[in-house]
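Below you'll find the structure, written out as C-alpha cells, and then a few comments.
The values are calculated or read from the model by the stated rules, or taken from the named source; none is laboratory data. Note that the structure is a prediction, hence the values are computed from the model and not measured. Here the Cβ positions follow ideal geometry from the backbone for every residue, glycine too, while neighbour counts run over all protein chains shown. Calculation scope for accessible area: heavy atoms of the full protein, side chains included, ligands and nucleic acids excluded. Shrake-Rupley method; radii C 1.70, N 1.55, O 1.52, S 1.80 Å.
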Amino acid sequence: KSYKISDLLKPRYARVNTLKMDIESALLEFKKQYEVCQDAMVSGLLIFPPRTDLHDHPLVKSGSVFLQGKASSMVAVALGPKPRWEVIDACAAPGNKTVHLAALMKGNGKIIACELNKERVKRLKNTIELAGAINVKVKHEDFFNMSPEDPAYSKVQAILLDPSCSGSGTAVDRLDHLLPSYTADSDLNRLEKLAAFQRKALEHALSFPAVERIVYSTCSINQVENEDVIKSVLPLASSYGFELTTIFPQWPRRGHPIFDGSQHVLRTDLIEDKEGFFIALFVRKGVSPPAKH
Ligand code: SAM
C-alpha cells in the first residue's frame, strides 16, 4: 500500500480554554470567519478544515484558545481529574496538557507540573501564564526525585505521565514513517533506551500512595514504547491494586493484543487520524469509576 501526501492533510484542532472563555462564545467568534464544528468526544475541542492557520488569531494570542490536536486533548479528559484533587503532571513542558487539566479542574485543587529541562520550564511557565491557570505549581525537577514518601505528595490522587518518546506518531515529514512496521536500525537502540525510561517513570508513578488514577500517553506508534511498556508494569500495577480501565469506549482503535486487557487502551492511527498516539489509564480498584466521556 502506498500513501499520498494528501492523506496527511489533517483537520486543524483548537481547544477552548474554559478558564478564559466559554465554548459557545468561542464558536460564535470563529464562525464569523471559518467553517468550524465541535468534536463529539472532547468537550470544547473545535475542528477546522485542513490548513486553517489560526496561529495569529487574537483568541489564540490571548490564551483563550489553544492549538492542540485531538489525541493530545484526549489525555487529560481520560485522566478525568476532579476540581479539588491534587494532580502531578510528571513530564509537563510545554504544558498543553497541564493547562487542559487546570481547565477541567476549573482552576481549583492543585496541579504540580514537573519538568526536568530548564529551557522547557520557561515554555511551561509561559503556557501556564497565558492560560491563566492559577492552580499550577511548577517544579523544575527530575520526576524520579519526587519521592512518593514525601508528605508534600501524600494527597496526590492522579498523575498524568506523558514522557519523552520517539515522536514517531507525529513524523509527517518522512513518508517512510507511515509504514506501521517501519523502524530504522539506527533507531532501535534509542527506542530501547526510551522504553526503559518510560517504564521506570510509569513504575515511579504507580508507587505514590494516594494515587487513584494514572494516565500514560505517547505520541509514538512503536509498540515498544506503548503496549510493551504497559505489559511490563502490569504485575507491579496489580500488586498496588491498579487495573487498566477502558477509556473512550466508542473509539475503535485499541491497543495491540499482546496482553489481556489490551482493548482498554487506545491508539490513534497515523493514516486514519493523521497522527499516532497511545493512551492508557490505570485506576486503583475500589475507587468509583470516572464520569462518562
Ligand atoms: N505533556 C507535555 C504537553 O502536552 O505539552 C509534553 C511532554 S514531552 C512529551 C516530555 C517532557 O518530559 C519533555 O519536556 C522533557 O524535557 C520532560 N522530561 C524528560 N525526562 C524527565 C524527567 N525525568 N522528569 C521530568 N521531566 C522530564
inquiry  = Could you compute the net charge surrounding Gly109? Neighbours are other residues with a C-beta less than 14 Å from the C-beta of Gly109; K and R count +1, D and E count -1.
reply    = +4
ask   = Amide H neighbours of Ile221 under 5 Å, counting only residues 5+ apart in sequence or on other chains, H built in-plane at 1.01 Å?
value = Ser168, Gly169
query = Mind listing the phi-derived Karplus ³J(HN,Hα) values for segment 80-93, rounded to whole Hz, using 6.51, -1.76 and 1.60 with θ = phi - 60°, and x for any glycine or proline?
reply = x, x, 8, x, 8, 6, 9, 10, 9, 9, 6, 9, 8, 6
note = In Å², rounded to a whole number, the accessible area per residue of the chain with probe 1.4 Å is 47
message = Just to confirm my numbers, what's the Cα centroid distance between segment 220-274 and segment 15-84 in Å?
response = 26
inquiry  = Treating only the Cβ of Lys, Arg, Asp and Glu as charged (+1, +1, -1, -1), what charge dipole size does the chain show about its Cα centre? Round to the nearest 20 debye.
reply    = 640
query = So, counting K/R as plus one and D/E as minus one, what does the shell of residues with Cβ under 11 Å around Asp39 add up to?
reply = +2
query = How big is the antiparallel share of DSSP beta bridges in the chain, given as a percent to the nearest 5?
reply = 55
³J(HN,Hα) computed for each position of segment 30-36 - Karplus, 6.51 cos²θ - 1.76 cosθ + 1.60, integer Hz, glycine/proline x = 5, 4, 4, 10, 10, 7, 8
query = Near the amide H of Val156, under 5 Å away, which other amide H atoms are found, from residues 5 or more places off or on another chain, if H is placed in the peptide plane?
reply = Ala210
ask   = What is the projected area of the convex hull of the Cα atoms of the chain, averaged over all directions, in nm²?
value = 15.1
ask   = Say the cut-off is 32 Å between C-alpha atoms; which of Lys32/Lys82; Lys155/Lys200; Lys70/Lys137 go over it?
value = Lys32/Lys82
task = Please report the relative contact order for the chain, taking Cα pairs under 8 Å with a sequence separation of at least 6, and give it as a percent rounded to a whole number.
result = 16
request  = Determine the share of the chain's accessible area contributed by carbon and sulfur atoms, expressed in whole percent, with a 1.4 angstrom probe.
outcome  = 52
inquiry  = I'd like the FRET efficiency for Glu192 and Lys10, computed as 1/(1 + (r/R0)^6) with the beta carbon distance as r and R0 of 41 Å, rounded to 0.05.
reply    = 0.85
ask   = Toward the positive end of the charge dipole of the chain, about the Cα centre and with charges on Cβ (Lys, Arg +1; Asp, Glu -1), which of Ser72, His256, Ser239 goes farthest?
value = Ser72
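Any idea what % of Cα-Cα pairs in segment 47-132 are farther than 17 Å?
That fraction is 50 percent.
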